[in-house]
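The values are calculated or read from the model by the stated rules, or taken from the named source; none is laboratory data. Model, not experiment: these values are computed from the prediction. Neighbour counts are summed over all protein chains in view; Cβ atoms, including those assigned to glycine, are modelled from backbone coordinates with ideal geometry.
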Amino acid sequence: MADLRSIVHMDLDTFFVSCERLLDSRLNGKPILIGGTSDRGVVASCSYEARKFGIHSAMPMKMARERCPEAIIIKGNTNTYTNYSKMVTDIVREAAPVYEKSSIDEFYMDFSGMDKFFGTMKYASELRQKIIRETGLPISFGLSQNKTVSKIATGEAKPNNELLINYGMEKGFLGPLSVRKIPMVGLKTYQTLCNLGVRKIETIQEMPIEMMESALGQNGVGIWKKAQGIDNSAVEQYNERKSISTERTFDIDTIDVFKLKGIMAAMVENLAYQLRRGDKLTACLTVKIRYSDFQTQTLQKHVPYTAADHELMPIISELFDRLYNRRLLVRLIGIRYSSLVSGNHQLNLFDDGTRYSELYGAMDTIRKRFGDRAVMRAIGLDARTIGRYNPFSGEPPPLLANRRL
């Protein structure tokens, strides 16, 4: 029993909606839609009252409004949600020896070995109550021996509750549930499984692993293991300082501001693409300048979580303008995105409808097929080819990560 783990998954309930209700108690108990307010908008989050009408996230706002005409529609405020997320993170950081912030509103915690000191379920329950008490936000959690079962248990515990899955009870808990409950089963995979007559997890539990591999390849193997309650993945310690960055050194020092801003725009655009490839968001931006006398200056700014070019670019430009004040020749420029968390960039598109979401989706598809510079803004066209890689792939960076221009 010594090697058994205790993994907690905590998830803030209808996070965006809950934040709005803290700011305006008149919203309590009413159907709420958060997202783009125009007909082209999409639902980023909705209250449980709205879900009774069949409304869900990513649904077109027009359709949601037709299903529930009395719903209150709110554009959303990323700054508010970022601040509340950080409040919860601070509480978790103090209480959990190892924690992973998997998105703006989700956390994994490894409490293995704590039974002898506290009693894991009691300790996790007290932590949940502390979060509710100090932030006012409802939060649910699941506790089991691995991340997959705990995450599914959280979904079953909602709203605003907690659920323990004892050792050895994983398969029995999972069996009656829909295969859609397995985290890696999306709509397309679900349709494939339905075509095979598979709708409940217990059906997968009874299938040979070879059959799942034949139908879905390695993805099928992973789904089969999760259906059995098998998941050995570790809770990866969250570190606010984790970041991605790039910098460029010039062969000839320059004072050409237009050239500097063009290269910086290309770097902003590419790193934002890398964020989206890795399903990441950033909350801290840094600009770096090294002058010809080798004096180096940096300036950073905390921002609401984002991975959208049109939000990152003006902030980086503002930081550059504030930083570049010596009017000396420049030897090097660089940018860094830090305080990364997992999350979808749709979070930042409350007032843009599907326009930017579709634009970035199309641009990123082209880049994946034809290369990072296959499509880019005109201002960055003069920047020569930059050696780039996917920092979330697990592969080592290229030897010439800091190419000279």
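Quick notes
- Filtering the range 157-177 to residues that are crowded, with 16+ Cβ neighbours inside 10 Å and either of a type in the set (D, E, K, R) or more than 25 Å from D105 (Cα to Cα) (or both) leaves K158, E162, E170, G175.
- Test result for R276, out of contact with any helix residue (DSSP H, G or I) (no Cβ under 8 Å at 6 or more places or on another chain) and outside any strand (DSSP E or B): no
- For beta carbons closer than 8 Å, sequence separation of 6+ or different chains, a first residue in the range 14-26 that is touching a residue at least 24 places away in the same chain (Cβ under 8 Å) and under 12 Å from G76 (Cβ atoms) and a second that is buried (at least 21 other Cβ atoms within 10 Å of the Cβ) and among the polar types (S, T, N, Q), the qualifying pairs are F15/S45; F15/S85; F16/S45; V17/S45; V17/S47.
- Put simply, of L33, L22 the only residue that is within 17 Å of E134 (Cα to Cα) and not in a loop (DSSP other than H, G, I, E, B) is L22.
- Some residue of the range 191-199 being charged (D, E, K, R), under 20 Å from K225 (Cβ atoms) and surrounded by 19 or more Cβ atoms within 10 Å (Cβ to Cβ): no
- For the range 130-163, the set of residues classified as touching a residue at least 24 places away in the same chain (Cβ under 8 Å), of a type in the set (K, R), farther than 20 Å from V235 by Cα and in a helix (DSSP H, G or I) consists of K130 only.
- Restricting the range 60-96 to residues that are among the basic types (K, R) and within 22 Å of S140 (Cβ to Cβ), the residue that is surrounded by the fewest Cβ atoms within 10 Å (Cβ to Cβ) is R93.
- Criterion: free of Cβ contacts under 8 Å to residues at least 60 places away in the same chain and more than 17 Å from L328 (Cβ to Cβ) - qualifying residue of L285, L281, L271, L275: L285
- Complete set of residues in the range 292-327 that are buried (at least 18 other Cβ atoms within 10 Å of the Cβ) and hydroxyl-bearing (S, T, Y): Y305, T306, Y324
- Checklist (1) assigned to a strand (DSSP E or B); (2) modelled with pLDDT of 90 or more applied to A64, failing item: (1)
- Considered as a group, the residues in the range 186-224 that are of a type in the set (K, R) and not in a helix (DSSP H, G or I) include one that is farthest from V149 (Cα to Cα), and that residue is R199.
- Pair list, Cβ under 7 Å, 6 or more apart: the range 51-66 residue under 19 Å from F15 (Cα atoms), other residue charged (D, E, K, R) and not in a helix (DSSP H, G or I): M61/D39
- Residue match in the range 164-176 (condition: within 20 Å of C19 (Cβ to Cβ), touching a strand residue (DSSP E or B) at 6+ places or on another chain (Cβ under 7 Å) and outside any strand (DSSP E or B)): no
- Filter pass, S57 being part of a loop (DSSP other than H, G, I, E, B) and surrounded by 15 or more Cβ atoms within 10 Å (Cβ to Cβ): yes
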